[in-house]
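None of the figures in this text is laboratory data; all of them are computed from the coordinates on show. Treat the numbers as computed from the prediction; the structure is a model and nothing was measured. Cβ sites come from the backbone with ideal geometry, for glycine too, and all protein chains shown count toward neighbours.
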């Protein structure tokens, strides 16, 4: 039991670091867009992320092969081992391609949206996926808690205050970021499906490699690539490629092996706060009182969507686990 708790705590900490990196990455993405196009930025940072993970994968495979030789199992036949490897390889390729495609679509739309909106607003609007993830349970024939509909109302009201202008129109950038939020919700669910079946780091590497390669033709056809401009954006590219892609998304994949997807979305929602703070401190972005109220209302809806039900809290207390640890909103599941 203690091992399970420690695994969950480690997963929660990794997700918190992920949220911090992602939140500040909005600032880097917004800054990088001043010199290069969205597909160029997205493609290069994803290829950088995949490249950073290659030595990690090689090292882990080397250590894993040595361990396998020391602990060679006599219970499994060669055919059984080969069959397991083929299944794992198939899941890795399918998962990497699917997650990579979803990430390409979502991040490209978000990146284009960042041209027309601020880093702080984009961070909060993207966090709508926190509400979208549990709502998808309807289509998966799962019961949806009544409180979730209150969360939807609050999130919608917050979005209205944050983005809707006079004449009931929404800015182009805000609308694109809203669309990307649906994509990131699908990405969380896809990761949740494949992460327990494959090596998390390999899955992360493959999805970024695929996303980077798919970005190249769009970059060549739709944008004029200036390598001097690319070099001038080296810092945002390194930050988002190495940290946001290479480190943060890998932490997400590894953490989701031991963390419920709803809990994952809750912790990752903190990226919206980091994005606003980063935009104000680094980019000197300003936020109006109306937009501030929208952020607060939306964040309230996001948190409410992830609160544990009474029966879940009773179940947690029955196992002797603090239902809401200090500084956390984590729910302990039955194992």
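By the count of other C-beta atoms within 10 Å, a proxy for reagent exposure, 108, 31, 269, 284 are ordered fewest to most as 284, 31, 108, 269. In this simple spin-label approximation, residue 90 and residue 238 carry label points 7 Å from Cα along the Cα→Cβ vector, and these lie 4.4 nm apart. Rg over Rh for segment 178-267 works out to 1.03, both radii taken from alpha-carbon positions and Rh defined as the Kirkwood radius. With all projection directions averaged, the alpha carbon convex hull of segment 182-231 covers 4.9 nm². As a length-normalised measure over Cα pairs under 8 Å and 6 or more apart, the relative contact order of segment 144-275 settles at 33 percent.
Listing 139, 124, 182 from fewest to most neighbouring C-beta atoms within 10 Å gives 139, 182, 124. Highest-first packing order for the peptide set 92-101, 186-195 is 186-195, 92-101, based on the mean count of other beta carbon atoms within 10 Å.
Shape class of segment 142-230 from the alpha-carbon gyration tensor: oblate, with a/c at 1.5 or above and b/c at least as large as a/b.
Ranked from highest to lowest mean number of other Cβ atoms within 10 Å per residue, what is the order of the peptides 32-45, 270-283?
On the way: 32-45: 23.8, 270-283: 20.3.
Result, highest mean first: 32-45, 270-283.
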